[in-house]
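Student: Take a look at the following structure, please.
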Amino acid sequence: MALKKIITHPHPVLREKSIQITEFDGKLRQLAKDMAETMYDAPGVGLAGNQIGLARQIVVVDISTKENEQKYIVLINPVISEGAGCESGNEGCLSVVEYDAKVERFKRIRVQAKDVEGKELDFIAEDRFARIIQHEVDHLHGILFIDRISKLKQDIYKRKLKKILDKKK
Ligand code: NI
């Protein structure tokens, strides 16, 4: 088990298109575990490969309930094959520091992916679960939630980010 460093915007790896995973081995299972551990440590509710500097099509998504804490699923090479409805909801991202905004997403999606053992998955996700998956699949295509907000809000965030980065210098 090992915590990974979370890469933050504007690092270029977050803009890379992730490549498909073809090897379902012990290394992949370990990577998935490390990603889940990193996500819960942050804490966050989803994490994509490029957020730890690895542009591979892997995401972990939290599916915890009150009775079942730190429960998550691993999606390999996920594809959103259908989407229906539209819902606006607040989103933040471990790679986008100190910012959150309302983003419109499908309310209900069909997801096709593989699990960490390489088994085919095909399921319907709704609401919060659907939102997290859409956010994470975006990451795999080099898209951040701040790309899906108004130009005005993007400008506000750019100024805020500049201040944050200036402080770090
Ligand atoms: Ni994110």
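Student: So is D100 within 15 Å of the ligand (Cβ to nearest atom) and surrounded by fewer than 22 Cβ atoms within 10 Å (Cβ to Cβ) or not?
Tutor: yes
Student: Restricting the first residue to region 133-145 and requiring it to be under 15 Å from I109 (Cβ atoms), which pairs with a second residue that is outside any helix (DSSP H, G or I) and of a type in the set (F, W, Y) meet a Cβ separation below 7 Å and a spacing of at least six or different chains?
Tutor: Every condition considered, the pairs that remain are Q134/F106.
Student: Just name the residue that is farthest from E16 (Cα to Cα) out of those in region 104-127 that are in contact (Cβ under 8 Å) with a residue 40 or more places away in the chain and surrounded by fewer than 17 Cβ atoms within 10 Å (Cβ to Cβ). Don't jump to the end; show me each part of the working.
Tutor: Applying the first criterion (in contact (Cβ under 8 Å) with a residue 40 or more places away in the chain) to region 104-127 yields 104, 114-118, 121, 127.
This time we only want the ones that are surrounded by fewer than 17 Cβ atoms within 10 Å (Cβ to Cβ), so: 104, 115, 117-118, 121, 127.
Details: E104: 23, D115: 22, E117: 25, G118: 24, L121: 25, D127: 27 Å.
Out of the qualifying residues, it is D127.
Student: Mind counting the residues in region 50-105 that are charged (D, E, K, R) and under 30 Å from D25 (Cα atoms)?
Tutor: 5
Student: Checking R56 against (1) under 24 Å from Q20 (Cα atoms); (2) within 11 Å of the chain's Cα centre (by Cα), which test does it fail?
Tutor: Status for R56: all satisfied but (2).
Student: How many residues, within region 55-77, are crowded, with 17+ Cβ neighbours inside 10 Å and either within 14 Å of the ligand (Cβ to nearest atom) or of a type in the set (A, V, I, L, M) (or both)?
Tutor: So the answer is 10.
Student: Of the residues A130, A113, A125, which is of a type in the set (G, A, S), out of contact with any His (no Cβ under 8 Å at 6 or more places or on another chain) and more than 12 Å from S81 (Cα to Cα)? Let's see the steps before the verdict.
Tutor: Numbers: A113 fails: more than 12 Å from S81 (Cα to Cα); A125 fails: more than 12 Å from S81 (Cα to Cα).
The conditions single out A130.
None of the figures in this text is laboratory data; all of them are computed from the coordinates on show. All of these numbers come straight from a predicted model, not from anything done at the bench. Note: ideal-geometry Cβ built from the backbone for every residue, glycine included; neighbour counts use all protein chains shown.
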